[in-house]
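J.: My structure is below; once you've seen it, I'll send some questions.
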Amino acid sequence: MNGILALSTLNIVGIILTLSAIGGGLVWLFVRSIRGKEVPRRLIFLFILVAVSLPILFPITFEEKPTPVVQRIFDKVESLPAGSHILMSFDFDPAMAPEVQPMADAFMRHCLTKGHKIIFMSLWATGQALMANSLDRVLAREFSDRTYGTDYAVLGYKAGNEGVLNVIITDIRKMYPADLNGVPLDSLAIFSRIRSCKDFDLILQVGGGQPGSKEWVLFVGDPGNVPIASGVAAVTAPLLYPYYPRQLLGILGGVKGAAEYEYALFTRYPQFREVPAPANRMMGPQTLAHVVVMAFIVIGNVVYFRSRRAGGKK
């Protein structure tokens, strides 16, 4: 948390109300606890509700300076020459979408801005519909000048999990003879130099679960020596850090990782300050909720050691 990102009137109102409610509530809880009075559990839940609700009603966003594990992905996309081929896989379901779809949107927006050619696919059946949502929200609205078949193509979902990866690492056409609309890949200009995953300049995998980042590394990244970067749910990220930085170029972990990438994007490209940044908006409530929980822990420990000392004196 490096400071308040935007100080509009609504932000200022939100900051004042939120800090007043949280600060006052914590003081009340501390005094009540010090006096040895029980704090009803429902008040704790209500306090968390207020701490999360106020930043949503009165948006508070923070600067999310990219960490190295995120910055490496951003720098890689930036450094690739225009016209580079990028494979993007949507491997997640609706339950995971609020956390990882902002990553997919940010990846897509960045790659299209740099003039890269993107091929979209999914190893999850649910990923195809979520892919369509991102294509409509980002590509169709912000990059309507891009041509299908030349600047981007959609392969869609293919059943088979790791089996799909085991095939496309040697020959994409064996698994995808045609795109999602039934158009043969050989008739699409974007595939003129793409025979397998080894021909991609970068693979961006978004998801969390199985098949996911680990399978992409084991079946594509390592055998094909293809750079892979992942955007995953927060619960999955710790399992992938052993692969960073040699087997995974970088990792976006949870809402925090997505917010860092969004911040890097609209810092480098100010025109994107006006587009939706859902991850940055989610970080306000999440950050304040974490602060409140840490405050509860501190208050609990202070009260515990104080009561223990008082008991010892008796």
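A quick yes/no check of all residues on (1) at pLDDT below 95; (2) in contact with a helix residue (DSSP H, G or I) (Cβ under 8 Å, 6 or more places away or on another chain):
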residue	(1), (2)
ILE60	yes, yes
LYS76	no, no
ILE86	no, yes
ARG141	yes, no
SER144	yes, no
ALA153	no, yes
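Table: residues versus (1) out of contact with any Phe, Trp or Tyr (no Cβ under 7 Å at 6 or more places or on another chain); (2) crowded, with 20+ Cβ neighbours inside 10 Å; (3) not basic (Lys, Arg).
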{"position": "TYR263", "(1), (2), (3)": "yes, yes, yes"}
{"position": "ARG268", "(1), (2), (3)": "yes, no, no"}
{"position": "PHE272", "(1), (2), (3)": "no, no, yes"}
{"position": "ARG281", "(1), (2), (3)": "yes, no, no"}
{"position": "ALA289", "(1), (2), (3)": "yes, no, yes"}
{"position": "VAL302", "(1), (2), (3)": "yes, no, yes"}
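J.: Looking at the structure I just gave you, is VAL164 buried (at least 19 other Cβ atoms within 10 Å of the Cβ) and either in contact with a strand residue (DSSP E or B) (Cβ under 8 Å, 6 or more places away or on another chain) or assigned by TED's automatic domain parsing to the domain that holds ALA82 (or both)? Before the answer, list the steps.
T.: Details: buried (at least 19 other Cβ atoms within 10 Å of the Cβ): yes; either in contact with a strand residue (DSSP E or B) (Cβ under 8 Å, 6 or more places away or on another chain) or assigned by TED's automatic domain parsing to the domain that holds ALA82 (or both): yes.
Against the criterion (buried (at least 19 other Cβ atoms within 10 Å of the Cβ) and either in contact with a strand residue (DSSP E or B) (Cβ under 8 Å, 6 or more places away or on another chain) or assigned by TED's automatic domain parsing to the domain that holds ALA82 (or both)), VAL164 qualifies.
J.: Can you work out which of the residues in the stretch 17-45 that are of a type in the set (A, V, I, L, M) and within 13 Å of VAL293 (Cα to Cα) is surrounded by the fewest Cβ atoms within 10 Å (Cβ to Cβ)?
T.: Looking at residues that are of a type in the set (A, V, I, L, M) and within 13 Å of VAL293 (Cα to Cα), I get ILE44.
J.: Listed residues ASP199, ASP186; which is in contact (Cβ under 8 Å) with a residue 24 or more places away in the chain and surrounded by fewer than 19 Cβ atoms within 10 Å (Cβ to Cβ)? Walk me through it before giving the result.
T.: Details: ASP186 fails: in contact (Cβ under 8 Å) with a residue 24 or more places away in the chain.
One residue alone meets the criteria, ASP199.
J.: Which count do you get for residues in the stretch 124-143 that are under 19 Å from HIS85 (Cα atoms) and either part of a loop (DSSP other than H, G, I, E, B) or acidic (Asp, Glu) (or both)?
T.: 1
The values are calculated or read from the model by the stated rules, or taken from the named source; none is laboratory data. All of these numbers come straight from a predicted model, not from anything done at the bench. All Cβ positions, even for glycine, are placed from backbone atoms using ideal geometry, and neighbour counts span all protein chains on display.
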